[in-house]
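This report concerns only the one structure given below.
Computed from the coordinates by the stated procedures, all read-outs in this text should not be read as laboratory data. Here the structure is a predicted model, which means the values were calculated and not measured.
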Amino acid sequence: MTTPGMIPIGVLAKRSGVLAETIRYYETEGLLRKPERSLGGYRLYDASDVERLSFIRQARDLGFKLDAVRRLLGLADRKANTCDEVRELAIAHLAEVRTKLADLRRMERVLSDLVRSCAGTTVPECQLLQALAAPRTKAALPTTVRRTGVGPAKSPTSIRGARSRHRIK
């Protein structure tokens, strides 16, 4: 028997598009409250949980990390405050997004140039393969790539660094 207005985790997952496993993880992380339980021990959620999960999902879709989502939720719960802290958090996140975009643009330019340099050559002459196989400490980019303004500072080594900085956490 379920409490009226309460929904089990499977229904919450379907309504929100968030996996049940992720919902349980958010509970563990303190982003969602510990739910009530049915007589059979199943988790039960109400409309406020649906709204909170929607908030979390949209913040995550915008790329906010869990710590930032936690802070945003805390700020949202304190209705009397101004949104200055929210704005500061969003400005900091926007700066991170812009850094990621700049790194992605550099990666795109380098990869695009390497793809162009690869056309019509044999595998041993392929500059893309040479750049990927080059030791990490060596500036392995061909001169054509350097002329684009990307330069050796954004060699495959630095691109690897940019790629690792932008993994989802």
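Taken one residue at a time, the phi angles of the stretch 87-100 give Karplus couplings (6.51, -1.76, 1.60, θ = phi - 60°) of 4, 4, 4, 5, 5, 4, 5, 4, 4, 4, 4, 5, 5, 4 Hz. Gly and Pro are set to x. Here the Karplus curve 6.51 cos²θ - 1.76 cosθ + 1.60, taken at θ = phi - 60°, turns the phi angles of the stretch 122-136 into couplings of 7, 4, x, 9, 5, 5, 5, 5, 4, 5, 5, 8, 5, x, 4 Hz, with x standing for Gly and Pro. Distant-in-sequence amide contacts of residue 36, defined by a placed amide H-H separation under 5 Å and a gap of 5 or more residues or a different chain, comprise 44.
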